[in-house]
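Reviewing the structure listed below.
None of the figures in this text is laboratory data; all of them are computed from the coordinates on show. This is a predicted model, so every value here is computed, not measured. Here Cβ is always computed from backbone atoms with ideal geometry, including for glycine, and neighbour counts include all displayed protein chains.
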Amino acid sequence: MRKGLAMLFCIASAALVLYVYSDTKIVADTFVADYYIQNFLKDTYARNGVAAIYLNYRVFDSIFETLILLVSVTAVINFSWRRDDEK
Amino acid sequence: MRNSSEIIARMTGLLFPFIIMFGFYIILNGHITPGGGFQGGAVLASVFISRYLVYPDEGIRIKSLQSAEKALFFCIVVIPVLFLFANNYKSNELWNQIYLISMNMLIGLKVCSGLTIIFFRFVFYEGGK
Amino acid sequence: MKRTFNYVVMIFVFTAMWIILNEKAGPMQIISGIGFSVLSIFFVNYYLLDDDYIDSYFLNPVSLLKYLFYLVFQIYKSGISAIFKISKGESAVKIIKYDSCLNKELAVCLLANAITLTPGTVTIDKTKNQLSILCFQDDEVFSSGSGGKSCSDFEKILRGI
Amino acid sequence: MIEKIFLILMVVLALITLNTVKLRRAVIYLGIFSLVSSFVYLLYGAPDVAIAEAVIGSALSTVLYLVALKKYQVFTIYYTNANYNEIHDGYIIKGRAQILRDVERFFLKREMEPQIIYTTDDCDYVLSAKNFDLLIHQDYDKVKMYGCIEDYHVDAMQDYVAKNPYENLTVEFVRYEAGDQIDA
Amino acid sequence: MIIDFISKVFIVLALIFMFFGVYGIFRFRDFYSRVLISSKVETVGFLTIMAGIMLKTGFGYSTLKILFICLMVIVTNPLSTHAVARSALKSGYKISEENNDD
Amino acid sequence: MGFLDAVLIVVSIYAAVVLIRVVIGPTIWDRLLGFNMISSKIIMSIVILSVVTDRSFLLDIALVYSFLGFIGTVLIARFVETRGEI
């Protein structure tokens, strides 16, 4: 019963996604994106736009991303603690 | 060698330097072609995973990787503070390139050590009977 | 002396790969390629493998090229005969043991790889220089050579590696 | 056209992964799902994400799922049938009699991973090798199950079969001690 | 012009090879025949289609890269086939033949 | 629609057909075989796509699959072979 409901939900959302894909052109507000695309080369001298964004415009983002990796490593080490780990 | 086929072990060893060179290529060209720190670091971490196919025993010094990861995170915090928020070198092309390459390199090494630690902790310490 | 020569050949191969990946052959790429290939070989030696990389994995480039050409020829030859087998649809399978006359570990592994790559035969296991091969019932290629001491053409080429 | 084929493949794979009961199959389906989704990222012009998906999906996530599956106990079941002397797909599909399906469902409910191996060997040969947890031997409508006497899962299995018996099958349990030889 | 035609012939040939591989995976009735034939005819198709594409693009860095991909596939593809066949044999999926030579 | 676009569509249809074997395959090794075949078909489609759109950096992704694609298959096969040890 639960599996049937989940399958129904999946099929419905898949149909919705395919319908949206085939029918309309939905684009978010492009103000910031236009600015970045026009100016990233002379601001940061990086030819790859993604690198320009995650290393220059949004550098806090990548700093906190690496922080999240560090925190998750600490969590994994703590949860898989074993008694002969100390030696 | 516990249950691992000799052919797989021997031929995987042949591939190691190629994978390492490819990972460094993805990291270093992150600002020109698609790629970058995270992707190259994941490729470098998969070298350690395929090392597990060759020698399935604890030959990895996890402790030194942990301290290396913390030091690399410190560098990742410090370098943008020194460079990007100083406002002096913002229009110099060479300094910008150096900044991009060094940040990609640091992020790549940090991601590599982090994913390697997670993998080896899971395999050796977690999930036993 | 020979060891130094092997090092130089390997570093040349890795630098060529680096230039192909970068799609540019300026002086910057050549210098960084040499640097990273030396670094990766040392890293593999000290941290990943038990034994030396150059000693155990050095391949003679001339015989490697010969091996590759012969391998591609063999793949196509048995690929065409495999199509007839598909259209006939036969399915009797057996396992044979094959004693190879090669001594080096890497050469035996390359032979096993080549056997797996040709359609119709798959290597199952390897102990020392004996290979267990899975093949069709009417296959005569390997069962004839197993009794006597004669080497197949692959092994003659792989001896030079 | 090409996008539509791969999008439909993604939906189909997600549904199959959701619908399967055996977890090892789900790992394989997820591997194919990550392959296809990486290609779809490429089609929509996001090569950075495609590289990340390729590396993570091909090596790392598979390993982590498998480490999670280590918690499940694997229960090896050998199935021999006296009527067939050759393995092919028809044997495997037709040989999945009602009894085997019930056994599988029973172990899945107890959170174990049943691994069923079909052989054409004699029953005696498998018994002498003894690397199984449960051996099911079927001869038309007579079914014999061999299990170790100390295995409490087989006890529960015996109770389960005794509680709801079959109409056209006679099920018989043979239990052996851990060390001794039995003859079939 | 003639090179373009030859490359098209190569690619069509590769598609025919791959069709036989896909057909063989449904044609055979047991696993070992499938692993012997179908997955390997696949490799033949792969090499042929790469040769056709290399002829089409002409000589350059991307051609060398495709050649490199072919080399790596030649090294790594047998490893996975070997692992799958070996896993099936070791875990008890027996060969359906009475006169094994072992 | 050029020649290579049609080739791309044919290859993707092949991948969809192999998926049937992955779904119905009676044993788990059949599924692994199908996984292997689909992965090689995806490498092919990426190379063809890079030629069609004339972007040579897409070849890096095909290179990633040809380097690292075997690790997952080998690990799953080993997991089945050793019955729950990785």
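Where the eigenvalues come from the Cα gyration tensor of the range F:37-86, what are the semi-axes √(5λ) of the equivalent ellipsoid, largest first, in whole Å?
Details: eigenvalues 192, 18, 4 Å².
Whole-Å semi-axes of the equivalent ellipsoid: 31, 10, 5.
For the range A:27-85, what does the equivalent ellipsoid look like in terms of its semi-axes, each the square root of 5 times an eigenvalue of the Cα gyration tensor, given largest first in whole Å?
Working: eigenvalues 298, 33, 10 Å².
Equivalent ellipsoid semi-axes, largest first: 39, 13, 7 Å.
I need the phi-derived Karplus couplings for the range B:90-99: 6.51 cos²θ - 1.76 cosθ + 1.60, θ = phi - 60°, integer Hz, Gly and Pro marked x.
Those phi angles translate into 5, 9, 8, 6, 4, 5, 5, 4, 4, 4 Hz.
Using a simple spin-label model with points 7 Å from Cα along the Cα→Cβ vector, what separation in nm is obtained for D:Tyr125 and A:Ser80?
About 4.1 nm separates the two model spin labels.
Mind listing which chymotrypsin sites (Phe, Trp or Tyr not before Pro) in the range E:1-65 are in a DSSP loop and have 16 or fewer other Cβ atoms within 10 Å?
E:Phe59
So which DSSP H runs in chain C come out at 20 Å plus along the axis (Cα) with average Kyte-Doolittle of at least 0.0?
C:2-22, C:27-43, C:61-88
Shape call for the range C:2-57 from the C-alpha gyration tensor, a ≥ b ≥ c root eigenvalues: rounded (a/c under 1.5), prolate (a/b greater than b/c) or oblate?
Prolate shape, in that a/c is at least 1.5 and a/b is the bigger ratio.
What ranking do D:98-108, C:10-20 get when scored by the average of other Cβ atoms within 10 Å per residue, highest first? Spell out each step's value before the answer.
Numbers: D:98-108: 15.7, C:10-20: 18.1.
With the highest mean Cβ count within 10 Å placed first, the list reads C:10-20, D:98-108.
At 7 Å along Cα-to-Cβ for each site, give me the label-to-label distance between C:Lys128 and B:Trp95 in nm.
Using points 7 Å along Cα→Cβ, the separation is 6.9 nm.
Going by the alpha-carbon gyration tensor, a ≥ b ≥ c the square roots of its eigenvalues, is the protein assembly as shown rounded (a/c under 1.5) or, if a/c is not under 1.5, prolate (a/b greater than b/c) versus oblate? Working shown, then result.
Numbers: a/c = 1.58, a/b = 1.37, b/c = 1.15.
Taking the square roots of the gyration eigenvalues as a ≥ b ≥ c, the protein assembly as shown is prolate.
Relative to the longest principal axis of chain B, what angle (0 to 90°, nearest 10) does the C-alpha long axis of helix B:37-54 take?
Helix B:37-54 sits roughly 20 degrees off the main axis of chain B.
Report, to the nearest 10°, how far helix B:6-28 tilts away from the longest principal axis of the Cα atoms in chain B, using its own Cα long axis and a range of 0 to 90°.
Roughly 10 degrees between the two axes.
For the range C:1-95, which trypsin sites (Lys or Arg not before Pro) pass both filters: DSSP loop (anything but H, G, I, E, B) and at most 15 other C-beta atoms within 10 Å? Could you put the intermediate results ahead of the total?
Values: sites: C:Lys2, C:Arg3, C:Lys24, C:Lys66, C:Lys77, C:Lys85, C:Lys88, C:Lys94; in loops: C:Lys24.
When the trypsin sites (Lys or Arg not before Pro) of the range C:1-95 are filtered for loop state and at most 15 Cβ neighbours within 10 Å, C:Lys24 remain.
Would you calculate, for chain F, the mean residue ellipticity at 222 nm contributed by helices, counting each DSSP H stretch of 4 or more residues as -39,500 (n - 2.57) and dividing by all residues, to the nearest 500?
Dividing the helical sum by the residues of chain F leaves -29000 deg cm²/dmol.
Which residues in the range D:29-50 have a backbone N closer than 17 Å to a point placed 7 Å from the Cα of A:Val20 along the Cα-to-Cβ line?
It comes to D:41, D:44, nothing else.
Which three extents, in angstrom, do the Cα atoms of the range E:2-90 have along their principal axes, listed largest first?
48, 25, 9
Are there any helices in chain A, counted as whole DSSP H runs, that stretch 24 Å or more along their axis by Cα and score at least -1.0 on average by Kyte-Doolittle, and if so which?
Helix filter hits for chain A: A:2-23, A:59-79.
Report the gain in length on full extension from C:Met28 to C:Phe42: 0.36 nm times residue separation, minus Cα-Cα distance, nm rounded to one decimal.
Difference between extended and current length: 2.9 nm.
Against the globular-protein guess of 2.2 N^0.38 Å, express the Cα radius of gyration of the range F:3-81 as a ratio, rounded to two decimals.
1.23
Hey, can you grab everything whose amide H is under 5 Å from the amide H of D:Met112? Only 5+ residues off in sequence or another chain; H modelled, so Pro and N-termini drop out.
Under 5 Å from the amide H of D:Met112 lies no amide H from a residue far enough along the sequence or on another chain.
Given labels modelled 7 Å from the Cα in the Cβ direction, how far is it in nm from D:Leu108 to A:Ala12?
Computed distance between label sites D:Leu108 and A:Ala12 equals 2.5 nm.
Give the lysines whose C-alpha is closer than 28 Å to that of E:Lys56, dropping any in the same chain fewer than 8 places away, or say none.
Reachable lysines: C:Lys24, C:Lys66, C:Lys77, D:Lys4, E:Lys8, E:Lys40, E:Lys65, F:Lys41.
Angle between the Cα long axis of helix F:28-53 and the longest principal axis of chain F, 0 to 90 degrees, nearest 10?
The angle comes out at about 20 degrees.
If a/c stays under 1.5 just call it rounded; otherwise compare a/b with b/c (prolate if a/b is bigger, oblate if not). Do that for chain B, with a ≥ b ≥ c from the square roots of the Cα gyration tensor eigenvalues. List each step's numbers first, then the result.
Values: a/c = 3.92, a/b = 1.92, b/c = 2.04.
Oblate is the answer for chain B, as a/c is 1.5 or above yet b/c matches or exceeds a/b.
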